[in-house]
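Asker: First the structure, which I've put down as structure tokens, then a few questions once you've had a look.
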Amino acid sequence: MFNGCFTALITPFRDGQLDEPALRKLVQFQLDHGIHGLVPMGTTGESPTVSAQEHKRVVDIVVQETAGQVPVIAGAGSNNPQEAIEYARHAQQAGADAVLAVAGYYNRPSQEGLYRHFKALHDATTIPILVYNIPPRTIVDIQPDTLARIAELPRIVGIKDACGDLGRICHERQRVRKPFSFLSGDDITALAYNANGGNGCISVTSNVLPAQCARLQSLCAAGHFVAALALHEQLVPLHAALFREPSPAGIKYAASLLDLCSEECRLPMVALAESSQAAIGRALADVRSAALV
């Protein structure tokens, strides 16, 4: 079981190139502040615009720097099953603990096609796999019955749920008949998701606030939802500010304020408007100030 707060890591760039020292610095920052796990090469890591070589290098670095201190769930998503298998096999060889796989975008498969995609990935590897369901990006939605069918495959161990329906987990938990990791893919609804039976979050905000985001998940796991709500409400303005414009521009700007890396993104992501920068700066300063009280 994977549980707690996993950071959906940004991928630092400088002058158009992968910034390896900044990536190592970011991983160490996460470990120093108590993060429960790391997820390189997801959407927040700008996986659509890195080369295959860069993708694999990022996974290698994160696994090396983490050195087994926390689990690493490597992004291995693609609408091309063969590419997904290639990335999953590499993650397996690199020493990642699991892979996160999204499917469906652009080619829009049926529920049967989604099942067969994940079965092909499962059958071609030996690494644990988490399904990533995010219909706003992929157009297709993995339905509860389909997830339950996919979960019958032995090494399908969990889901990152960003479908936007807080009731969805209730239907999935009724159908999945084995220990399973239910992880929210949305910071601002993670508390409510946990209250419905979830056991963690793959977080964007934790790139800059790993201690606070990890604490929120620990409070939920312990059943301390009143304290978790108080912390959640401190974080809400920052969650909202980070997504005023398409991610990961917001979280990269926030990371640059902490001198973790450059705010540089790759096209088609662009720099933030000044109003968004100001909103992120205020919200981040407020949360950090509250943590010192």
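Asker: With a ≥ b ≥ c taken as the square roots of the eigenvalues of the C-alpha gyration tensor of segment 1-157, please select rounded if a/c is under 1.5 and otherwise prolate if a/b is larger than b/c or oblate if it is not?
Answerer: prolate
Asker: Given an 8 Å cut-off on Cα distances and at least 6 residues of separation, report the relative contact order of segment 4-207 as a percent.
Answerer: On the way: 397 pairs, mean separation 39.3, N = 204.
RCO, segment 4-207: 19 percent.
Asker: Another one. Rounded to the nearest 20 debye, what is the charge dipole size of segment 4-207 about its Cα centre when +1 sits on each Lys and Arg Cβ and -1 on each Asp and Glu Cβ? Numbers along the way, then the final one.
Answerer: Details: 18 positive and 21 negative charges, 102 e Å.
Here segment 4-207 has a charge dipole of around 500 debye.
Asker: Lysine pairs in segment 4-207 with Cα distance under 20 Å, only those 8 or more apart or on different chains: how many are there? Don't skip to the end; give the middle numbers.
Answerer: Numbers: Lys25/Lys56; Lys119/Lys160; Lys119/Lys178; Lys160/Lys178.
Eligible lysine pairs with Cα atoms under 20 Å apart amount to 4.
Asker: Binning every alpha carbon pair distance of segment 117-268 at 10 Å from zero, what are the percents per bin?
Answerer: Computed distribution, short to long bins: 10, 35, 33, 20, 2.
Asker: Sequence-distant or interchain residues sharing an amide H contact under 5 Å with Leu100, placed H: which?
Answerer: When sequence neighbours closer than 5 places are left aside, the close amide H contacts are Ala74, Gly75, Ala76, Leu130.
Asker: Right, next: Decide, for segment 107-166, between rounded, prolate and oblate: order the square roots of the alpha carbon gyration tensor eigenvalues as a ≥ b ≥ c, take rounded if a/c falls under 1.5, and otherwise choose prolate if a/b is larger than b/c, else oblate.
Answerer: Values: a/c = 1.84, a/b = 1.44, b/c = 1.27.
Judged from the Cα gyration tensor, segment 107-166 comes out prolate (a/c at least 1.5, a/b above b/c).
Asker: Over its Cα atoms, what ratio of radius of gyration to 2.2 N^0.38 Å does segment 211-259 give?
Answerer: Values: Rg = 12.8 Å, N = 49, 2.2 N^0.38 = 9.7 Å.
In units of the globular-protein estimate, segment 211-259 measures up at 1.32.
Asker: Then there is this: Starting at the first residue of segment 3-20, write each ³J(HN,Hα) from the Karplus equation 6.51 cos²θ - 1.76 cosθ + 1.60 with θ = phi - 60°, in whole Hz, x for Gly and Pro.
Answerer: Taking θ as phi minus 60°, the curve returns 8, x, 9, 10, 7, 6, 5, 6, 10, x, 10, 9, 6, x, 10, 4, 9, 5 Hz for segment 3-20.
Asker: Let me ask something additional. Per-residue HN-Hα couplings for segment 214-225, Karplus 6.51 cos²θ - 1.76 cosθ + 1.60 at θ = phi - 60°, whole Hz, x for Gly and Pro?
Answerer: Couplings: 5, 5, 4, 5, 5, 4, 5, 4, 7, x, 8, 6 Hz.
Asker: For segment 193-228 and segment 35-76, write down the distance between their C-alpha centroids in whole Å.
Answerer: Value for the Cα centre distance between the two parts: 21 Å.
Asker: Hey, what did segment 106-161 get for relative contact order, percent, Cα under 8 Å, at least 6 apart?
Answerer: 47 percent
Asker: When a/c is below 1.5 the answer is rounded, else prolate if a/b is larger than b/c, else oblate, so apply that to the chain with a ≥ b ≥ c taken from the square roots of the Cα gyration tensor eigenvalues. Spell out each step's value before the answer.
Answerer: Working: a/c = 1.57, a/b = 1.21, b/c = 1.30.
Oblate, because a/c is 1.5 or more while a/b does not exceed b/c.
Asker: Further question on the same structure: Over segment 74-194, what is the mean sequence separation of C-alpha contacts under 8 Å (at least six apart), divided by residue count, expressed as relative contact order in percent? List each step's numbers first, then the result.
Answerer: Numbers: 201 pairs, mean separation 25.6, N = 121.
Relative contact order for segment 74-194 comes out at 21 percent.
Asker: Related question: Charges only on Cβ, +1 for Lys and Arg, -1 for Asp and Glu: so what's the dipole of segment 63-151 about the Cα centre, in debye to the nearest 20?
Answerer: Details: 6 positive and 8 negative charges, 35 e Å.
About 160 debye.
Asker: Taking amide H atoms as placed 1.01 Å from N in the peptide plane, list the residues 5 or more away in sequence, or in a different chain, whose amide H sits under 5 Å from that of Arg14.
Answerer: The answer is Asp19.
Throughout, read-outs are computed from the coordinates displayed, never taken from laboratory work. Quick caveat: nothing in here was measured; it's all calculated off a predicted structure. Because the Cβ atoms are built from the backbone with ideal geometry, glycine has one as well, and the counts that use them run over all protein chains shown.
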